[in-house]
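The values are calculated or read from the model by the stated rules, or taken from the named source; none is laboratory data. Owing to the predicted nature of the structure, the values given are computational and were not obtained by experimental measurement. Here the Cβ positions follow ideal geometry from the backbone for every residue, glycine too, while neighbour counts run over all protein chains shown.
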Amino acid sequence: MIGTGKIKQYANVLDKPLGKGKQEVPSLSLASLFVSLSAFAFLFSELVQYNQTQVDNISELETRLEDAGYAVGARVLELLCHRDKGNRRETRLLGILSFVHSTVWKVLFGKVADSLEKGTEHEDEYMISEKELLVNRFISIPKDMGTFHCGAFVAGIVKGVLENAGFPAVVTAHFVPVEGQQRPRTTILIKFAEEVVCLGVG
Amino acid sequence: MPPAAPRSGDAIFASVERVNAELFTLTYGAIVRQLLTDLEEVEEVNKQLDQMGYNIGIRLIDEFLAKSNVSRCVDFKETAEMIAKVGFKMFLGVTASVMNWDADGTCCSIVLEDNPLVDFVELPDTCQGLYYCNILSGVIRGALEMVAMKTEVTWIRDMLRGDDAYELQVKLLKQVPEEYPYKDDE
Amino acid sequence: MAAIYSLYIINKSGGLIFYKDYGSKGRMDTNDSLRVASLWHSMHAISQQLSPTTGCSGIELLEADTFDLHCFQSLTGTKFFVVCEPGTQHMEALLKVVYELYTDYVLKNPFYEMEMPIRCELFDINLTQAVQKDRVVLLGR
């Protein structure tokens with residue numbers, strides 16, 4: 001399996017100035033730190049299209065996208081932990097959620113998520129919401145695909161981060177209609193496993 | 001109306017929305033991993049990556065044309081320069097160079113020193129024979145086919161295989177002439 | 001006020017993949033628009049043959065008494081054309097905008113199959129905004 005092998009050292013991406021050019025980093029030359037949104041969008045579109053050929057139904061498609069995202073989440077956690085060498089591992093639920101909502105989101109999507117909320121009905125549920133996920137920027141879901149959400153990929157990323165940080169959870173992506181708005185917003189619903197909740201939120 | 005002037009790769013890249021290269025790199029890694037799981041054979045994965053690249057290329061070309069304001073290239077040399085200087089820059093943020101032209105001007109190499117597909121990737125021994133970046137060859141092939149050029153794109157050098165750069169050979173096989181409907185009447 | 005009557009997008013084989021009627025008073029039904037698109041595709045190709053030199057890019061403007069037609073063909077063979085009130089300005093710029101919207105909201109949609117009719121909500125939404133913005137610009141002059 002392809003892995004990150006020896007994780008290479010480089011400066012914290014969050015501090016880098018926007019735009020082009022190589023950063024001088026000891027012992028390693030970095031490729032451009034940014035690519036166009038289009039490049040990512042085409043790649044993501046092909047990921048979805050490829051997976052469509054491998055499945056029989058929408059639920060399977062979401063699962064496969066989630067699995068792909070999981071791998072990304074696991075790597076992101078590795079990279080971020082390695083970068084912030086002084087940082088102790090997050091042991092609190094709210095800490096890891098904040099990490100996902102702010103740090104992970106900023107690194108992957110260029111901004112912190114719109115909101116992080118605790119579910120009102122269940123103790124073990126939290127929601128990260130976005131007006132529109134970056135991955136969906138150019139995607140229009142056909143009417144006959146029902147509730148299908150390409151954000152399953154992002155749900156997988158979140159799951160990958162949480163689980164590898166020691167907080168197993170079921171994570172799903174949903175469209176939530178907004179009054180007065182043509183387009184629904186997206187909620188990433190995180191339902192923590194029993195053992196996580198039992199250890200206490202504190 | 002006079003056509004707008006062609007734009008440089010730098011100008012376009014500066015004007016488009018950009019994302020952190022890591023999102024791109026990690027997503028690509030996830031794709032390759034999926035393919036290795038699904039297809040198992042490295043040669044099949046190479047083929048699938050090329051096909052996926054082709055599928056991207058046939059769509060990406062219109063954005064390239066729309067944003068670069070390029071008019072029809074005079075010859076294949078100009079085409080190769082456009083791919084290297086404008087194409088790679090506006091999408092991947094990296095500049096490539098063109099070299100090793102043959103006598104006819106139908107075959108050249110495009111060389112990349114930086115490649116955002118491969119940051120922090122190392123190939124394990126089980127992946128001997130994998131062309132990790134094979135999506136790129138498909139992208140170029142697909143894009144050019146949509147503007148009437150049939151090409152063959154192959155890897156000459158691959159840093160993940162121990163070489164010192166990424167070098168793609170692009171060979172023009174055929175320039176497909178424009179077809180006029182109803183030209184040959186029954 | 002200068003008006004846009006209709007917008008067409010044809011794939012490189014001459015098939016109609018998008019048609020929007022902005023006010024031709026419903027004179028064209030679906031079959032008409034398909035036929036017209038196919039005929040325009042042929043006329044455009046013939047115009048390239050009529051050219052005394054090679055490399056002609058085909059009809060860009062057609063002026064009639066009750067309308068103008070502006071046409072843009074990408075190097076990939078996809079054609080975008082708009083039927084508008086005679087003398088309407090900035091139609092080439094609008095077609096360029098439509099082309100860019102196509103490269104974003106149609107070509108980056110994994111559920112869109114190449115050469116097929118366009119059914120992408122985001123394309124419709126953004127197109128409406130672009131056309132409206134164009135009208136506002138015209139009104140403001």
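Quick look at the values:
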| read-out | value |
| --- | --- |
| Residue in the stretch C:79-97 that is in a loop (DSSP other than H, G, I, E, B) and aromatic (Phe, Trp, Tyr) present | no |
| Test result for C:Ser24, part of a loop (DSSP other than H, G, I, E, B), at pLDDT below 95, more than 14 Å from chain B (Cβ to nearest Cβ) and in contact with a strand residue (DSSP E or B) (Cβ under 7 Å, 6 or more places away or on another chain) | yes |
| Top-ranked residue in the stretch B:45-61 [being buried (at least 23 other Cβ atoms within 10 Å of the Cβ) and of a type outside the set (A, V, I, L, M, F, W, C); ranked as nearest to C:Leu75 (Cα to Cα)] | B:Arg59 |
| Condition check for A:Glu90: of a type outside the set (Gly, Ala, Ser), outside any helix (DSSP H, G or I), in contact (Cβ under 8 Å) with a residue 12 or more places away in the chain and away from chain C (no Cβ under 14 Å) | yes |
| Residue within the stretch A:126-133 that is small (Gly, Ala, Ser), surrounded by fewer than 22 Cβ atoms within 10 Å (Cβ to Cβ) and within 14 Å of chain B (Cβ to nearest Cβ) present | no |
| Breaking point among (1) crowded, with 20+ Cβ neighbours inside 10 Å; (2) in contact with a Leu (Cβ under 7 Å, 6 or more places away or on another chain); (3) part of a loop (DSSP other than H, G, I, E, B), for B:Val139 | (3) |
| Top-ranked residue in the stretch B:112-126 [being touching a residue at least 60 places away in the same chain (Cβ under 8 Å) and more than 7 Å from chain A (Cβ to nearest Cβ); ranked as farthest from the chain's Cα centre (by Cα)] | B:Val118 |
| The listed residue being away from chain A (no Cβ under 13 Å) and either on the phi < 0 side of the Ramachandran plot or free of Cβ contacts under 8 Å to residues at least 40 places away in the same chain (or both), out of B:Ala11, B:Ala4, B:Ala66 | B:Ala4 |
| Lone unmet requirement of (1) at pLDDT 95 or above; (2) more than 14 Å from chain C (Cβ to nearest Cβ); (3) in contact with a Ser or Thr (Cβ under 9 Å, 6 or more places away or on another chain) for A:Trp105 | (3) |
| Among residues of the stretch B:91-116, those that are not hydroxyl-bearing (Ser, Thr, Tyr) and not in a loop (DSSP other than H, G, I, E, B), counted | 10 |
| Residue ID - surrounded by the most Cβ atoms within 10 Å (Cβ to Cβ), chosen from residues in the stretch B:15-44 that are under 19 Å from B:Met90 (Cα atoms), polar (S, T, N, Q) and away from chain C (no Cβ under 14 Å) | B:Thr25 |
| From C:Phe72, C:Phe123, residue being away from chain A (no Cβ under 11 Å) and either in a strand (DSSP E or B) or out of contact with any Ser or Thr (no Cβ under 6 Å at 6 or more places or on another chain) (or both) | C:Phe72 |
| In the stretch C:44-69, residue surrounded by the fewest Cβ atoms within 10 Å (Cβ to Cβ) [restricted to those that are within 10 Å of another protein chain (Cβ to nearest Cβ) and in a helix (DSSP H, G or I)] | C:Gln49 |
| A:Val100 β-branched (Val, Ile, Thr) and away from every other protein chain (no Cβ under 14 Å) | yes |
| Which listed residue is away from chain A (no Cβ under 14 Å), surrounded by fewer than 21 Cβ atoms within 10 Å (Cβ to Cβ) and more than 15 Å from B:Lys67 (Cα to Cα), from C:Val36, C:Val97 | C:Val36 |
| Residue, surrounded by the fewest Cβ atoms within 10 Å (Cβ to Cβ), within the stretch A:134-168, restricted to residues that are within 20 Å of B:Phe24 (Cα to Cα) and of a type in the set (Phe, Trp, Tyr) | A:Phe138 |
| Single residue of the stretch A:29-71 satisfying the filter (part of a helix (DSSP H, G or I) and hydroxyl-bearing (Ser, Thr, Tyr)) that is farthest from the other protein chains (Cβ to nearest Cβ) | A:Ser59 |
| Residue count for the stretch B:14-29, restricted to those that are without any contact (Cβ under 8 Å) to a residue 60 or more places away in the chain and within 14 Å of B:Phe64 (Cα to Cα) | 1 |
